[in-house]
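Below is one structure, written out as structure tokens; comments come after it.
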Amino acid sequence: MRRWLFGILIVVLIAAGGFFAFAPGIIERGTNKIDGKPLLQVSARAAALHKTLTIVDLHSDTLLWSRNFLGRAGRGHMDLPRLEDGNVTLQILASTTKSPKGQNYDANSGDTDNITALVIAQLQPVRTWNSLLERSLWHAEKLHRAVAASGGQLRAVAAPADIDALLAARRGKAAPVGAMLSIEGLHGIKDDIAGLDKLYAAGFRMAGFTHFFDNDLAGSMHGLKKGGLTPFGRQVMRAMEAKGMIVDVAHCSKACVADILKLARRPVVSSHGGVQATCKVNRNLGDAQIRGVAATGGLIGIGYWDAAVCDTSPASIAKAMKHVRDLVGIEHVALGSDYDGATTVRFDTSKLVQVTQALIDAGFTDDEIRAAMGGNAIRVLRAGIAPMAPPAQ
């Protein structure tokens, strides 16, 4: 009997080891895909121009997944080697902590969570198993560990001086990549503003109020009630602006976006998504919202996946960017890939020259391409992460 029990235990341990070793990779391969459809032929002009660009992407979910950010992975859309290949200067890395079962763009409750199972399968620290705030703090810790182990090739950005230092370093031979932390939905702080202080201390400098469900701060465009900012949400927004945390309207309900635009004292961004004019999906911004974001001096980050641009082609990305340019000006156009966000795309970050080529094909000038690919984002981020000056006495 003891031999049988011992044998069963060995089988269970082997099965568990196999699950924890292989399940996270299997899950990611099934969610972060490249569709394999034809890419654009890259011209000599596009290749040469791309090498001179300062490129900034406003949103990626890479920190959600259990893989070495410093090594070239055989899955997903992004890691440091591929960022280097794509000539990316600064990548915004979001912390995604909760995703409802049956997630859709129209109506979701916050009563369930898909990510808890992933957290356990990836053997994350136990403190992250039932705390959304701890999941974000773990994502920050992962980034800071990667920065420390990168030999200077990956740099954390949390202050205007960090951006200046990054740009100066990239004028040399090393060409390091910068990374800045963002939050995809502030549900992790619940109704306690002290949580915002912890996120700021960990290096987070951008935050959206909601993800796919309503929370204590605001309504989601994919929630059940889809309300505006709550009184607590207004308090958090004032604190964010004062600290130098950029307000992100991505995933906010129409009422939430309207409230944010009415209250904004600093530029706001839509970090990742599309525009209704070229892709009529609930996820995307209407022209009035685009004008509102632009009126704050902010940015519209265009995504690369089907629901953002109704296709995965580089031409569809350029079409959405062209609409924003024509509506409110090139100074409000930016990239917001949503790489590694359970999305299917045409190309990973190593092939960002595809966007440069698509913008050339769409008639953008070199200066407009420089602005859209990252120049605009550098301007807004550098100003937005500086704490506000206290009011004059």
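Side notes on the structure shown:
- A straight line joining the Cα centroids of the stretch 81-109 and the stretch 147-199 runs 16 Å.
- Over the stretch 138-265, the Kirkwood radius and the radius of gyration, each from Cα atoms, give a ratio Rg/Rh of 1.05.
- Temperature 20 °C, viscosity 1.002 mPa s: under these conditions the Stokes-Einstein estimate for the stretch 221-352, based on its Kirkwood radius over C-alpha pairs, is 143 µm² per second.
- 23 Å Cα-Cα reach of Lys319 towards lysines, excluding residues that sit fewer than 8 places from it in its own chain: Lys33, Lys37, Lys51, Lys280, Lys351
- Length added when fully stretched, Arg29-Asp326, from 0.36 nm per residue minus Cα-Cα: 103.2 nm
- Zero-based 5 Å bins, Cα pair distances in the stretch 31-95, whole percents: 3, 14, 21, 24, 20, 12, 4, 1
- Net +/- balance of residues flanking Cys279 in space, Cβ distance below 12 Å, scoring K and R +1, D and E -1: +1
- Distance histogram in 5 Å bins (all Cα pairs of the stretch 70-148, percent per bin): 3, 12, 18, 21, 18, 15, 10, 4, 0
- Based on Cα atoms of the stretch 241-306, Rg over Rh with Rh as the Kirkwood radius reads 0.95.
- Pairwise FRET efficiency - Ala165 versus Ala44, Cβ, R0 = 35 Å, nearest 0.05: 0.60
- GNM remark for the chain: springs join alpha carbons under 10 Å apart, and the peak mean-square fluctuation among Asp192, Asp259, Asp287 falls on Asp192.
- With K and R counted +1 and D and E -1, the other residues having a Cβ less than 14 Å from that of Asp306 yield a net charge of +3.
- Solvent exposure of the stretch 167-308, expressed per residue, is 34 Å² of accessible area, with all protein chains present and a 1.4 angstrom probe.
- GNM result for the chain, Cα springs below 10 Å: residue of Ile120, Ile26, Ile330 fluctuating most strongly: Ile26
- Annotation for the stretch 43-60 versus the stretch 369-384: alpha-carbon center distance of 13 Å.
- Convex hull of alpha carbon positions in the chain: directionally averaged projected area 21.3 nm².
- For the stretch 295-393, alpha-carbon Rg over 2.2 N^0.38 Å: 1.19
- FRET E, pair Ala194, Ala107, Förster distance 35 Å, beta-carbon r, rounded to 0.05: 0.65
- Shape of the stretch 48-189, Cα gyration tensor, a/c cut at 1.5: prolate
- Computed over the stretch 276-315, Kirkwood Rh from alpha-carbon pairs, angstrom: 10.8 Å
- Convex hull per residue volume in Å³, alpha carbons only, for the stretch 178-250: 79 Å³
- Lysine pairs meeting the criterion (Cα under 20 Å, 8 or more apart or interchain), as found in the stretch 177-256: 7
- Listed residues Ala255, Ala44, Ala207, most fluctuating in the chain (Gaussian network, C-alpha, under 10 Å): Ala44
- Inter-label distance for Ala174 and Gln235, nm, one decimal - labels placed 7 Å from Cα along Cα-to-Cβ: 4.3 nm
- Accessible surface of Phe212 - all protein chains present, 1.4 Å probe, nearest 10 Å²: 20 Å²
- Ligands, DNA and RNA left out, the accessible area of the chain computed with a 1.4 Å probe is 58% carbon and sulfur.
- Which of Glu141, Glu241 is most accessible, then next, and so on - probe 1.4 Å: Glu141, Glu241
The values are calculated or read from the model by the stated rules, or taken from the named source; none is laboratory data. Predicted model only: the values in this text are computed from it and were never measured. As a convention, Cβ positions derive from the backbone with ideal geometry for all residues, glycine included, and neighbour counts pool all protein chains shown. Just the protein is used for accessible areas: all its heavy atoms, side chains included, with ligands, DNA and RNA removed. Shrake-Rupley method; radii C 1.70, N 1.55, O 1.52, S 1.80 Å.
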